[in-house]
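> The following block contains the structure, expressed as structure tokens.
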Amino acid sequence: MIERSAIVQALTKARDVAARGLRESAVARRVRVLSGEFGALPPCVKAQCVAIAAAVGLVVVVLGVSQLPTAQRPVLPLASGIFLALCCIALAAPFRE
Amino acid sequence: MTRRWAIRSAIAGVLAGVCYVFSPIAVCVIAAAAVVLPRFLQGFPDDDRRWLAWIIAVAIVARLLAIGGLFLLNMPRHDDQFLGASSGDEAYAMSRALRTRDIRLGAPTGKYDYFVANDDYGRNSYVAVLTVLQVVLGPTPYGLRLLNGFLFLSASLLLFRVAFRAYGATAAFGGLAVVLFWPTLFAWSISLLKEPLYFLCGALVITGVVHATRSRGAASRLIGVAVAVTATWAARDLRPEALLLTGAGVATGLIAAAALRSARTSATAIVLVVVTVAVAAIPAVGRRVMAGLVSAAKLQAGHVFTVGHAYKLLDAGFYMNPATPAASSLTLTHDEAARYVIRAVASFVAIPLPWQLQSARELAYLPEQLAWYLLVGLLAVGGAAAMRRDRLVTSVLVGFVLPTAVVLALTNGNIGTLLRLRGLVIPYLAWVSAAGVAAAAETIDRKDRMPFIDDRGRLFGRVNLFDAAVAAFVVVLIPIAYGTYLLFRTTPAGITSVADAPISKEERRVAGGSLLEAKLKVRGNGFRPMLRATIDSTPALAFVFEDPHSADVLVPVMNEGRYDLVLYDGVQEVARAPKAVVIGSNAPERVVTARVRLTAPDEVLALVQAGDHDSRALGRTVTVLDVGRRTPGSGGTSTLDVTVQVGLDRGEGGWVYRDRVFKAGAAFTLATERYIIEGIVVEAGL
């Protein structure tokens, strides 16, 4: 019964259209290709990539945070440490086997 | 490693670093969500998983858009003092956390910062978490909303998994849609308030209890108990008496599940309830019950006297004099207490009725209120259906919120607060109501029960039932409710005119001996007997209700000037007439020099001196100008002729002084701080 509802049908159609759009968008395709390539890399290379991203990110954070007004500035050493750890988790989590 | 991947990694690092600098907490939340949310998708059939992923995605996108909209709206206000709060409670929590941050980081602070940062009022574990986040990650007015959204989403998905196993896909998805997109809950979920954390704790308690009860292995049961206990402990100070409410809620659920296991256990439970009621009738127990109800009533009466749209549960007379719960001397008879309890229960379900809505903001809430009525209505159907599907889960979901609902119903007196706090029970009841919808859907092919619905689920063979229900809600119910609002709403109080009126003996009697400056005839709309009047901030001696369009206001003695006339219902200002009260010069219309003869014992007359002033004559000049000779009289008294200057007003029967006609032979009283002497007027000097 529910499947014949016009509202549910419209929702289903909206979902399918959005899914197709997302699947076929250039950005999504590029991300899919990249993640596929990344997934195919040997584990040691993946680890190097994460390490580079984390190190560069850390430099950007330190430089960026130091430019913030004092009232807006997070506690630097601790925040950077948290960032480092979270960066590793965030970058590695979607690509875990 | 190729050079290409090194560059890509560096770009990813730069992007993540920039995001972190702008909103560190958002990066943390995204990282946590990337780890946690996929786990909620595990263990479902493909189609259900796809739908669940989409609902989660839409919920996240909607919240991101709402937070982004808030950011854009707040753009002009972004500065070092910006809190990002949109309500008083949010502002308090954020400002307390930021004051603590300033103290910890050595920023300039004042004594008040220390006072707020260490105040017992408002201290709870959410504020502690908030403070740590502000200290470590800087001011996070928007990232915190993201974190709260994540906590709320996680709590909803925990209950979704419980409901999916208990009631099946239809009820679980229906409940999830209600919880994630119910307007008040949506606003909650991205607020800076503690409610999302409290909801997560509640969801963990229920998940833990169900897991502990259902699991077969001891270790698994132990994990369930540990989760429930830890979540209860975490919630202990998030609400007043949270431990008691959570414990009582779980106990109610488990006892209900056990009691409803069979006809025999149900009968035993009914007997126990009867015995409990009988015990409550014992005088000693009854007194304790009444004491509890009186305490709750004092809280309720106190809540009514807060700013906002109040509603009353006690008899009207209890709201005449505003008082805090601690200062209240309220007492209840058994009848008054019974009426109070019945009104409280009804109010929790019904208030605000469509015609009670007062502002455009409240009117915008009308569709949600109708949806709430629908939810409660479906609860009865869903309760029975859900009990058949899963007695334990249904008992725990309903039992968990019962103590909270009872406490809220008895103590609350503000519509805004009720709407906000009703959100404490909706996320648990939604699944049971959704189970009602699912159960109704399953009976559609039963021709004996649903004669108007064909085997394709169409009403009268034309419209799909689900579509018809949604259309009926939008096209029929909401307009009807709006119509009742227009027809039955309380006319807002308004003042159209204020005019002076002559003061009669009746008003002097109503004034109870206080000095009257003026009597105002006030005309307007929506007057009620329980209103209070003030002249600016000075309380009027009385608001004398005549009818909804007319009332008298008795004004006490005041200084010369123009004042606002303000009408209050409790502490809520309901009408104001700016500068409508004009108090003219208080000088007497005529000043005469008169001779009066005072009669009193010698030692009293000896106190009278030139220059004495009558201490009672507010604004009236009564000054002793000259003291004559004392003449001995009979009975140990003497007479003394005194020349006085007297201020007179025109009144009934000629010139009057303090409501007495002033003429030769009339009685006269001279009162100063040292003496009060009676006498007569010898020469009025008119």
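> Which three lengths, in whole Å and largest first, does the range B:486-600 cover when its Cα atoms are put on their principal axes?
So the three principal-axis extents are 69, 26, 23 Å.
> Further, regarding this structure: What's the average, rounded to a whole number, of partner chain beta-carbon atoms within 10 Å of each residue's beta-carbon in A:40-53?
Working: counts 0, 3, 1, 0, 1, 5, 3, 1, 4, 8, 3, 2, 10, 11.
Per residue, the average neighbour count from other chains is 4.
> Could you give log10 I(q)/I(0) at q = 0.16 Å⁻¹ for the range B:34-179, computed by the Debye formula over C-alpha point scatterers of equal weight, without solvent?
-0.91
> Which whole-number percent gives the relative contact order of the range B:287-334, counting Cα pairs below 8 Å spaced six or more residues apart? Working shown, then result.
Numbers: 31 pairs, mean separation 22.2, N = 48.
Here the relative contact order equals 46 percent.
> Translational diffusion coefficient, Stokes-Einstein: compute it for the protein assembly as shown using the Kirkwood radius over C-alpha pairs as Rh, at 20 °C and 1.002 mPa s, and state it as an integer in µm² s⁻¹. It would help to have the intermediate numbers written out before the result.
Working: Rh = 32.7 Å.
After rounding, the answer is 65 µm²/s.
> Also, quick follow-up: Which of the GluC sites (Glu not before Pro) found in the range B:572-610 are loop residues per DSSP with 12 or fewer other Cβ atoms within 10 Å of their Cβ? Let's see the in-between values first.
Values: sites: B:573, B:589, B:603; in loops: B:589.
Here the GluC sites (Glu not before Pro) that fit, given the DSSP loop and packing criteria, are B:589.
> Simple spin-label model, 7 Å along Cα-to-Cβ: residue B:339 to residue B:663 in nm?
Each label point lies 7 Å from its Cα, and together they span 5.3 nm.
> So, one more: If you rank A:46, B:111 by fewest surrounding Cβ atoms within 10 Å, what's the result? Intermediate values should be presented prior to the final figure.
Details: A:46 20, B:111 7.
So the residues, fewest neighbours to most, are B:111, A:46.
> Grab the beta carbon distance between residue B:506 and residue B:656, set R0 = 25 Å, and tell me the FRET efficiency rounded to 0.05. Mind showing how you got there, number by number?
Numbers: r = 18 Å, r/R0 = 0.73.
Rounded to the nearest 0.05, the efficiency is 0.85.
> Also, I was wondering about something else. Provide B:40, B:545 in ascending order of the number of other Cβ atoms located within 10 Å of each residue's Cβ, fewest first. Could you put the intermediate results ahead of the total?
Working: B:40 19, B:545 14.
Lowest to highest Cβ neighbour count: B:545, B:40.
> Let me ask you something else. How big is chain B in terms of Cα radius of gyration and Dmax, in angstroms?
Rg then Dmax for chain B, in Å: 35.5, 129.
> If each residue of separation counts as 0.36 nm, what is the full-extension length gain between residue B:236 and residue B:626 once their alpha-carbon separation is subtracted?
Working: separation 390, 0.36 × 390 = 140.40 nm, distance 7.80 nm.
Here the segment from residue B:236 to residue B:626 would lengthen by 132.6 nm.
> Next question. Can you give the percent of C-alpha pairs in the range B:101-144 whose distance is more than 11 Å? Intermediate results must be reported in sequence, preceding the final value.
Numbers: 655 of 946 pairs.
Summing the P(r) of the range B:101-144 above 11 Å gives 69 percent of all pairs.
> Once whole DSSP H runs in chain B are found, which of them have Cα atoms spread over 27 Å or more along the helix axis and a mean Kyte-Doolittle score of at least 1.0? Mind showing how you got there, number by number?
On the way: long enough: B:3-22 (29 Å, 1.03); B:46-74 (42 Å, 1.07); B:143-167 (35 Å, 1.22); B:195-214 (28 Å, 1.06); B:283-304 (31 Å, 0.55); B:366-389 (33 Å, 0.88); B:391-411 (30 Å, 1.96).
The qualifying helices are B:3-22, B:46-74, B:143-167, B:195-214, B:391-411.
> Counting C-alpha atoms alone, how compact is the range B:268-308: give Rg to one decimal and Dmax as a whole number, in angstrom.
15.1, 47
Read the figures in this text as sums done on the coordinates, not as results from a lab. Fair warning: this is a prediction, and the values are worked out from it, not measured in the lab. Using ideal geometry, Cβ is built from the backbone for each residue, glycine included, and neighbour counts are taken over all protein chains shown.
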